[in-house]
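Below: the structure, in structure tokens.
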Amino acid sequence: MINLKQAASCKMIFIILLLLWLFFLWRTDAGAFDPDKAFLDGVKDYKEENFAGAIANFSKIVNKGVKNGGLYYNLGNAYLKNGDLGHAVLWYERAFNLMPNDPNLKFNLKYASSLVKDKRDENEKTYIFQILFFWKDFLGTVAVKWTGIILNALFWLILTVQIFKRKKIFKTASISVLVLSILFILTALYNCCEKVYIKQAVILSSSVSVRSGLSDDSTQLFILHSGTKVKVEKEKENYFKIYFSEGKIGWIKKNEAGII
Amino acid sequence: MKLFMSMLIYGLSARSLCYAKKIIFGILTICFRLFFSHALTSNENPRKSTYSFIAFLLIVLPIVLIFPPFTWAAEVRAFVDKNQTTSEQPVNLTVTISGEEGDVDISSIKDFNVISRGKSTNVQIINGRLFRQISRSYLLFPLGEGELTIPSLTVVSGGKTYQTKEIIIYVSKEAKHHESNDDIFVRANISEKNPYEGQQIIYHFKLYRSIRITNANLKRPEFDGFSATEVKDKKSYSTVISGRAYNVDEVSYLLVPLKPGELVIKPAVLSCDKILRGQNKRRSFFDPFGDDPFFFGDDPFFGQTKLKTKILRTCPVKVNVRPLPDYSNDVPFSGLIGKFNIYSKLEDEKIKTGDSATLSVTVEGTGNIMDASLPEINLPEGFKVYRDNPDEDIRIGEQGYFGKKTFRLAIVPVKEGTYKIEPLRFCYFDISTGKYKTVSTGPLSLAVGPSQEKSVFKVFKAETAEKELNFKKKKVEFTGHDILPLKEDPGIIKNQKDLSLRSYVIFLLIPVFFYLMVKGGTALTKKYDDPSSLMAQKADKALKRAQKMDIFSDGFLSLLYKALVSAVFSKAGTKGESLTYVEAEKILRFNGCSDETAKQAAELLKKIESARYSGTGSETDMRKRLFAETKKLVRSLS
């Protein structure tokens, strides 16, 4: 009797284990994500003008943590073709941070920006910072970083050469290169700080009321439209305090804008 | 409480108010049926009917008392301040809507020029009844004389449409008025009262003022039957009329009649505020005489001044547009009306077969020059023609559009010979004569020589070809708008490498380490190259060799000498091979060694030298002692 009982319980355990194994096997298969397939499907959907499908497929890859300017660019394209200007500008801007010198991206971003309804005040001041540190925006973050590294290496190389050959020309060159390398390294470090501390966002909703306070009852100060780029000055509860242009500051809901 | 409820009700939107009315009406109906239907249909006790009536009153009265009596339907009224006026005097039309907000359609007013003066709202409580009235005011300027009509106006209020009553206004001729007596007046005139269809004329609106005004607002006429373009250059000048000086501000419009017949340009209306000086004008510190308009004395905010609104209207201007006469000519009509000329030019008169010559045809003049097209060109056979986009230099001025339009053609002969290009004929309507006029260019000739390609191989130069063709480069414009395509490289689904701050710092430090390593290496190498070190090594090496060697061998004493001399040179920091004991003592003293050590070294060197050359050092003990002393001294010196 005991043997029979033991045999039955062993059988049960075996069946349960088998079922569990099958279940996990199924789960593993079901949960398998092939980014290559999603990418190809996204491209196919885009070409077939199924832009919503393209967005879904590209978003799947992005949600897996892939950070690539080209992929962001594709997402921007899909959103723009799908008529969602806000998300299109958001993804183009994110792509721009990663590949600022891509000509296709520049072209599409410029085109998308031309569709944005909100125009900044023309008489807005050009900050002295932008004039003095013109290379910051001109070269882009990656180029500034590498220029800093190269100039730094060049400086130390000249110093090394100076150990063996002491000539006046090396001294002049080393000082010039040192000044330039410090400039670029500091700019690169500033860019890193800016990335962490100065956040920018893009308005996603077609029309967003910018209010004076953190509630829907607060006075509507002005209205912004999708695709408009703003600076996020503060986050509080479910709201962003945004800066659009001189004197145009207010609060918007977090879900109405996307952080670049 | 009642007032509160009234305010509450009136604070509601129109739709909510409509629902509220329906609900109250429903309640009243139900109450009436509940209390009276039974009493009316049966012959019950009359006392019961009385009770029902009292109960009805008890329920209905509070409702009636609490809720204010509504204006159940909006009331709409239109009225004027006068129904007899002159052609120069405007009429004030007011449309009142009682109860709710409403929109008035004034598009049906055709006999008057209408200017909206805004709206006002009036809320009153009279005998516990709350009245709300919205008034919309309009200023109507008669566009004719006699019996003019303000038609029934449509008013939409609370989702319903209402009609006002028709109003008749009797407009009489304006009595002669001397403008010269006015401080401010307006005039309108046109450059040509009898233009031809398509002829451009200029409409001038002039404001004459001898006083200062502010808030000027011009409502230009509609210019029905014309295409109108504002001439951007506004003029301001001074003039004298009947001995009185006026400042004149002039605005001009370029008009082109679109159809023949009698057209009327409706009056232009200008509203402005006259700045009047007060009686008790305070003299400004900066303006003791009070005449300088730039100081506070005349300033409406700082000075003792008043503003008086003035509305001025020009007379309607009649234009008799003449149709163009019938056209019958073998040269096709170009469609241009005005005054034009045409000329042509051939850049090169002698060219070779296959080369190109630029033929430019220019139409120049005043009128609708922008509509000019290239007249028909009859080129001899054997020419290839390439057309370029025409160049336009067209401006708008006092006489309307003027300028020139140049057409360029690159003509390429394929056969040699002498060719004549026939004059180009061009027909336009001359407004000065009122007739169609044909103008033509002069004849041109072109000599085509044989191609050089037959004898000489010519290297093609892009720049030269471009110069010869004389095509003006133009900026490339977008003809459509779209975005550039997707990136299809599968590599974009991989993470883009980005330098983290830590990696960046490491990259910056790598050359620093490299430099330090080189620096350290050279420092070490330098140490070994030092003569002092080299001589010390030499001394050490000589001692070691002497130790290994048999003490009676020939080189033993030489090695001891070498070790000691090297040690002395090492102390001096120089290189050398031999020394006398006197020199050795001096060197050691000079380099900071004690007198005792210097003497010891000199003595030892003396002993070794005498042992080497005199043969006194042949004893074993002596040699051993010499080795031990040398070793000790070398160690102490190094």
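The values are calculated or read from the model by the stated rules, or taken from the named source; none is laboratory data. Quantities reported herein were computed from a predicted structural model and do not represent experimental measurements. Glycine also receives a Cβ, built like all others from the backbone with ideal geometry; neighbour counts cover every protein chain displayed.
When every residue of segment B:366-379 is checked against the conditions, none turns out to be touching a residue at least 60 places away in the same chain (Cβ under 8 Å), outside any loop (DSSP other than H, G, I, E, B) and over 17 Å from B:Asn341 (Cβ atoms).
Restricting A:Ile13, A:Ile2, A:Ile55 to those that are of a type in the set (Val, Ile, Thr), at pLDDT 90 or above and on the phi < 0 side of the Ramachandran plot reduces the list to A:Ile55. The criterion of at least 2 residues that are under 48 Å from the mean Cα position of the chain (by Cα) is met, among strands (runs of 3 or more DSSP E) falling completely within segment B:405-455, by B:425-430, B:435-440. Considering the conditions (1) surrounded by fewer than 16 Cβ atoms within 10 Å (Cβ to Cβ); (2) of a type outside the set (Lys, Arg); (3) not in a loop (DSSP other than H, G, I, E, B), A:Asp216 is excluded by exactly one of them, (3).
Can you find even one residue in segment B:213-220 that is in the same structural domain as B:Lys306 (by TED's automatic domain parsing), in contact (Cβ under 8 Å) with a residue 60 or more places away in the chain and surrounded by 13 or more Cβ atoms within 10 Å (Cβ to Cβ)? Yes, that holds for at least one residue. A Cβ distance below 7 Å, combined with a sequence gap of six or more or placement on separate chains, defines the contacts here; from segment B:549-565, residues that are over 17 Å from B:Gln537 (Cβ atoms) and touching a residue at least 24 places away in the same chain (Cβ under 8 Å) reach residues that are assigned to a loop (DSSP other than H, G, I, E, B) and of a type in the set (A, V, I, L, M, F, W, C) in the pairs B:Phe556/B:Met549. For A:Lys165, the stated conditions hold: it is more than 22 Å from A:Leu98 (Cβ to Cβ), charged (D, E, K, R) and not assigned by TED's automatic domain parsing to the domain that holds A:His87.
Every residue, every condition in (1) surrounded by 15 or more Cβ atoms within 10 Å (Cβ to Cβ); (2) under 30 Å from A:Asn255 (Cβ atoms); (3) touching a strand residue (DSSP E or B) at 6+ places or on another chain (Cβ under 7 Å); (4) of a type in the set (A, V, I, L, M, F, W, C), yes or no:
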| residue | (1), (2), (3), (4) |
| --- | --- |
| A:Ile158 | yes, no, no, yes |
| A:Lys167 | no, no, no, no |
| A:Ser174 | yes, no, no, no |
| A:Val177 | yes, no, no, yes |
| A:Leu180 | yes, no, no, yes |
| A:Thr187 | yes, no, no, no |
| A:Asn191 | yes, yes, no, no |
| A:Val202 | yes, yes, yes, yes |
| A:Arg211 | yes, yes, yes, no |
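Every listed requirement among (1) farther than 27 Å from B:Gly520 by Cβ; (2) of a type outside the set (S, T, N, Q); (3) modelled with pLDDT under 85; (4) not in a helix (DSSP H, G or I) is met by A:Arg166 save one, (1).
In segment B:581-601, is there at least one residue being closer than 21 Å to B:Lys624 by Cα and touching a Ser or Thr at 6+ places or on another chain (Cβ under 8 Å)? Outline the logic, then answer.
To start, the set of residues in segment B:581-601 that are closer than 21 Å to B:Lys624 by Cα comprises B:581, B:597, B:599-601.
This time we only want the ones that are touching a Ser or Thr at 6+ places or on another chain (Cβ under 8 Å), so: B:597.
Checked against the condition, which is being closer than 21 Å to B:Lys624 by Cα and touching a Ser or Thr at 6+ places or on another chain (Cβ under 8 Å), segment B:581-601 yields at least one hit.
Filtering segment A:69-83 to residues that are surrounded by fewer than 21 Cβ atoms within 10 Å (Cβ to Cβ) and more than 9 Å from chain B (Cβ to nearest Cβ) leaves A:Asn82, A:Gly83.
Table: residues versus (1) at pLDDT 85 or above; (2) of a type outside the set (A, V, I, L, M).
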position	(1), (2)
B:Leu543	yes, no
B:Phe556	yes, yes
B:Leu559	yes, no
B:Ala567	yes, no
B:Ala584	yes, no
B:Leu604	yes, no
B:Ile608	yes, no
B:Glu629	yes, yes
B:Leu637	no, no
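For the condition at pLDDT 90 or above, assigned to a helix (DSSP H, G or I) and over 16 Å from B:Glu488 (Cβ atoms), A:Tyr46 does not qualify. Just for segment B:583-638: of the residues that are under 20 Å from B:Gln547 (Cα atoms) and among the acidic types (Asp, Glu), which one is nearest to the chain's Cα centre (by Cα)? Within segment B:583-638, the match that is nearest to the chain's Cα centre (by Cα) is B:Glu629. You will find that of B:Thr154, B:Thr161, B:Thr121, B:Thr149, the residue that is outside the structural domain of B:Thr314 (by TED's automatic domain parsing) and surrounded by 16 or more Cβ atoms within 10 Å (Cβ to Cβ) is B:Thr154 and no other.
For segment B:190-309, please list each of the strands (runs of 3 or more DSSP E) lying entirely inside it that holds at least 1 residues being within 34 Å of the chain's Cα centre (by Cα), modelled with pLDDT of 80 or more and aromatic (Phe, Trp, Tyr). Walk me through how you get there before you give the answer.
Numbers: elements: B:201-209, B:213-219, B:226-241, B:244-257, B:261-265, B:269-277.
The qualifying strands (runs of 3 or more DSSP E) are B:201-209, B:226-241, B:244-257.
Being modelled with pLDDT of 85 or more, under 30 Å from B:Gln200 (Cβ atoms) and either surrounded by 15 or more Cβ atoms within 10 Å (Cβ to Cβ) or of a type in the set (A, V, I, L, M, F, W, C) (or both) is a property that B:Lys404 has.
The requirement of being aliphatic (A, V, I, L, M), crowded, with 16+ Cβ neighbours inside 10 Å and more than 8 Å from chain B (Cβ to nearest Cβ) is fulfilled somewhere in segment A:56-68, by at least one residue. Among the residues making up segment B:575-630, those that are surrounded by fewer than 19 Cβ atoms within 10 Å (Cβ to Cβ) and in a loop (DSSP other than H, G, I, E, B) are B:Lys575, B:Gly576, B:Glu577, B:Ser578, B:Thr580, B:Asn591, B:Gly592, B:Ser594, B:Gly615, B:Thr616, B:Ser618, B:Glu619. Being touching a Gly at 6+ places or on another chain (Cβ under 7 Å) and assigned to a helix (DSSP H, G or I) holds for only one residue in B:Ser503, B:Ser532, B:Ser566, B:Ser558, and it is B:Ser532. Of all residues in segment B:486-521, those satisfying the criterion of being more than 7 Å from chain A (Cβ to nearest Cβ) and either touching a residue at least 60 places away in the same chain (Cβ under 8 Å) or more than 17 Å from A:Leu189 (Cβ to Cβ) (or both) are B:Gly491, B:Lys497, B:Ile510, B:Phe513, B:Leu516, B:Met517, B:Gly520, B:Gly521. Those residues that are surrounded by fewer than 18 Cβ atoms within 10 Å (Cβ to Cβ) and part of a strand (DSSP E or B), I need them from segment B:351-365; list them, please. Hits for segment B:351-365 are B:Lys352, B:Ser360, B:Glu364.
Within segment A:132-148, identify whether any single residue is over 18 Å from A:Met99 (Cα atoms), out of contact with any Gly (no Cβ under 7 Å at 6 or more places or on another chain), more than 14 Å from chain B (Cβ to nearest Cβ) and in contact (Cβ under 8 Å) with a residue 12 or more places away in the chain, and answer yes or no. Checked segment A:132-148: at least one residue is over 18 Å from A:Met99 (Cα atoms), out of contact with any Gly (no Cβ under 7 Å at 6 or more places or on another chain), more than 14 Å from chain B (Cβ to nearest Cβ) and in contact (Cβ under 8 Å) with a residue 12 or more places away in the chain.
Can you find a residue in segment A:196-203 that is closer than 30 Å to A:Asn238 by Cβ, of a type outside the set (Asp, Glu) and in a helix (DSSP H, G or I)?
Of the residues in segment A:196-203, the ones closer than 30 Å to A:Asn238 by Cβ are A:196-203.
Applying the additional criterion that residues be of a type outside the set (Asp, Glu) yields A:196-203.
With in a helix (DSSP H, G or I) added as a condition, the list becomes A:196-197.
Yes, there is a match, as at least one residue in segment A:196-203 is closer than 30 Å to A:Asn238 by Cβ, of a type outside the set (Asp, Glu) and in a helix (DSSP H, G or I).
Residues of segment B:177-189 being outside any loop (DSSP other than H, G, I, E, B) and surrounded by fewer than 16 Cβ atoms within 10 Å (Cβ to Cβ), which ones? Steps first, answer last, please.
Taking segment B:177-189 first, the residues outside any loop (DSSP other than H, G, I, E, B) are B:179-181, B:184-189.
Once the filter is applied, which keeps residues that are outside any loop (DSSP other than H, G, I, E, B) and surrounded by fewer than 16 Cβ atoms within 10 Å (Cβ to Cβ), segment B:177-189 yields B:Glu179, B:Ser180, B:Asn181, B:Asn189.
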